[in-house]
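Report on the structure given below.
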Amino acid sequence: MANHIEGRVLQRRDYRYESLRRQACWHAGVPDRHPEVIVLANNEDDVVGAVKLAREKGLRIAVRSGGHSWSGSHLRDGTLLIDLSNLRHVSVDPEAMTGTAQPGIKGSELSSMLAEKNLFFPTGHCTGVSIGGYLLQGGFAWAGRHYGPACMSVTGIEAVTADGERIHADETHNADLLWAARGAGPGFFAVVTRFHVKLYPRKRITMNSGYFWPASAARDVYGFVHEIGRRTPAEINLMCNRDPMTHDEPLISLNATAFTDTEEEAREQLSIFESCPARGRVLTTRLNEVTDTGTLSRLGTDPHYDETKRYLADNMWTHASFDDLWPNFQAMLRTWPPAPSHMVLYNWGGYEGQPERPPMAFSVEDELYYGLYAAWSDPAEDWRYTDWVTEHMRAWEPYATGIQLADENLINRPYRFLTDENLRRLDDLRTTWDPDGLFISWLGRPEPAANVSEDAPK
Ligand SMILES: Cc1cc2nc3c(=O)[nH]c(=O)nc-3n(C[C@H](O)[C@H](O)[C@H](O)COP(=O)(O)OP(=O)(O)OC[C@H]3O[C@@H](n4cnc5c(N)ncnc54)[C@H](O)[C@@H]3O)c2cc1C
């Protein structure tokens with residue numbers, strides 16, 4: 001095929017095109033959007049070949065690393081999709097506490113490799129998420145409050161530009177491209193083929209406590225977490241979902257995790273949860289268990305993500321009082337969709353001692369983070385659950401400071417994900433780095449017409 005691409009190049013008419021398109025989206029709700037060509041890259045030269053091929057064919061470019069974008073942001077009509085899922089090389093320099101990782105590697109795989117060397121990188125909460133899209137959009141991680149969004153730990157990138165050129169960007173070379181790569185997410189205008197990252201010593205202790213309540217305790221539990229979330233160094237994952245333990249009624253589970261060097265310190269951090277005003281109404285607890293993030297993912301978070309279901313996610317950053325959020329939450333509790341649909345609340349900002357943010361596109365965050373996820377099976381119910389998620393998050397807009405691209409629902413509910421200043425700067429940089437508008441950007445944003453030749457050889 002053209003441009004000496006070693007990997008597969010599939011056009012819409014080709015056998016296996018459709019299975020590769022479907023595999024490019026992790027859940028069953030694969031969007032009805034069709035790239036014209038899919039290039040399954042084997043190496044960095046294939047990425048260069050794919051960019052040139054897109055120009056020749058007059059196609060815009062979309063990029064997939066792991067395909068965990070809920071909205072299938074990378075599946076777009078009339079594009080050439082560069083699939084990087086085979087670019088998975090990792091290197092670690094334990095002395096320098098640095099590493100490199102290609103975008104197709106999963107965060108959980110990277111984390112296990114590092115654990116063997118007693119090292120740590122802030123990877124996401126679920127097992128299957130690749131680092132490509134995760135790092136570009138920010139990266140909301142285990143122990144993330146301590147290290148900041150994971151993109152802060154990216155010190156450089158190797159990328160292929162819209163000209164098909166391979167370049168390096170760090171804080172001294174092409175610094176504006178690194179600035180953009182730390183937070184632009186699906187609005188990034190080059191292909192990252194490798195990340196250079198900072199690594200950290202692994203904390204000796206990961207300790208977790210879990211509390212489970214019926215939904216009747218919701219107001220007290222949520223009010224408590226809104227009040228103490230900023231103060232405690234422990235990481236809180238407050239989840240609401242339908243559960244057999246409460247006869248298929250919503251269940252509230254609080255999972256608090258401490259990352260420390262001693263068991264004593266971890267117990268001390270977790271002790272604050274004993275003062276929850278709903279403590280007496282708890283159904284069951286698991287207290288002060290020494291564990292690891294792999295186990296927490298496998299047993300705690302992964303069961304909520306079933307790839308055979310269709311999903312829609314939405315989210316908000318907030319520092320509102322829970323009293324303001326309660327009326328809409330009450331309405332949600334009355335109509336909660338079937339499992340594994342769920343909502344998470346994490347504590348995040350305002351944590352004492354949180355690291356200073358470097359210059360980066362990522363610029364909207366707040367004290368608390370709500371993510372809402374509906375899961376269902378029947379395509380005929382797409383409208384029902386899309387409405388349920390979108391309208392409930394819309395009802396909270398007066399209390400939201402913005403959204404995170406990790407769980408974006410921009411196609412149904414466009415909302416602020418960068419500061420205005422950073423969005424303007426990103427748009428200016430896009431004009432410089434991608435003057436022909438070759439790369440697609442965020443869903444829900446009108447796309448400029450690509451200035452690529454229609455008459456170029458096919
Ligand atoms: C089950 C599940 C759990 C999740 N858990 C977390 C979590 O704990 N923390 C968190 O922060 N997020 C989480 N997410 C969100 C996830 O991080 C984002 O959806 C992220 O984009 C997924 O990375 P990916 O490589 O699969 O991206 P993809 O779906 O492959 O790509 C998404 C977009 O990113 C861009 N992109 C991807 N790779 C590249 C590249 N190499 N070069 C240029 N552009 C690229 C493209 O524009 C593409 O449209 C979760 C998502 C799911 C489905």
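The values are calculated or read from the model by the stated rules, or taken from the named source; none is laboratory data. Predicted, not measured: the structure shown is a model, and the values here were computed from it. Because the Cβ atoms are built from the backbone with ideal geometry, glycine has one as well, and the counts that use them run over all protein chains shown. These area figures cover heavy atoms from the full protein model, side chains too; ligands, DNA and RNA do not enter into them. Shrake-Rupley method; radii C 1.70, N 1.55, O 1.52, S 1.80 Å.
See the values below:
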item: Residue 352 versus residue 427: modelled label distance in nm, points set 7 Å from Cα along the beta carbon direction; result: 4.2
item: Carbon + sulfur, % of accessible area of the stretch 271-410 - ligands and nucleic acids excluded, 1.4 Å; result: 50
item: Segment residue 298-residue 42, extension gain: residue separation times 0.36 nm, minus the distance between their alpha carbons; result: 89.2 nm
item: Relative contact order (%) - the chain, alpha-carbon pairs under 8 angstrom, separation at least six; result: 17
item: Ordering of 91-102, 129-140, 28-39 by packing [mean C-beta count within 10 Å, highest first]; result: 129-140, 28-39, 91-102
item: Calculated FRET value between residue 281 and residue 326, using beta carbons and R₀ = 25 Å, to 0.05; result: 0.90
item: Value of [θ]222 nm, deg cm²/dmol, for the chain, DSSP H segments ≥ 4, -39500 (n - 2.57) each, nearest 500; result: -7000 deg cm²/dmol
item: Separation between Cα centres of the stretch 343-370 and the stretch 5-47, rounded to whole Å; result: 35
item: Calculated on alpha-carbon atoms, Rg and Dmax of the chain in Å; result: 21.9, 72
item: Cα-based convex hull volume of the stretch 320-433 per residue, rounded to whole Å³; result: 140
item: Potential extension, residue 32-residue 268 segment - 0.36 nm per residue separation minus Cα distance; result: 79.9 nm
item: Pairs of lysines in the chain (C-alpha under 22 Å apart; 8 or more residues apart or interchain); result: 8
item: Cβ charges +1 (Lys, Arg) and -1 (Asp, Glu), total dipole of the stretch 1-95, debye; result: 520
item: Whole-number accessible area per residue in Å² for the chain, which is evaluated in the context of all protein chains at 1.4 Å; result: 40
item: Solvent-accessible area, 1.4 Å probe, carbon plus sulfur percent, for the stretch 147-246; result: 47
item: Residue-level accessible surface for residue 430, protein heavy atoms, 1.4 Å, Å²; result: 30
item: Percent breakdown of C-alpha pair distances by 10 Å bin, ordered from the shortest bin, for the stretch 2-85; result: 20, 56, 22, 1
item: Residue 91/residue 19 FRET efficiency (R0 25 Å; Cβ-Cβ; nearest 0.05); result: 0.20
item: Per DSSP, loop GluC sites (Glu not before Pro) in the stretch 288-357 with at most 14 further Cβ within 10 Å; result: 307, 352, 356
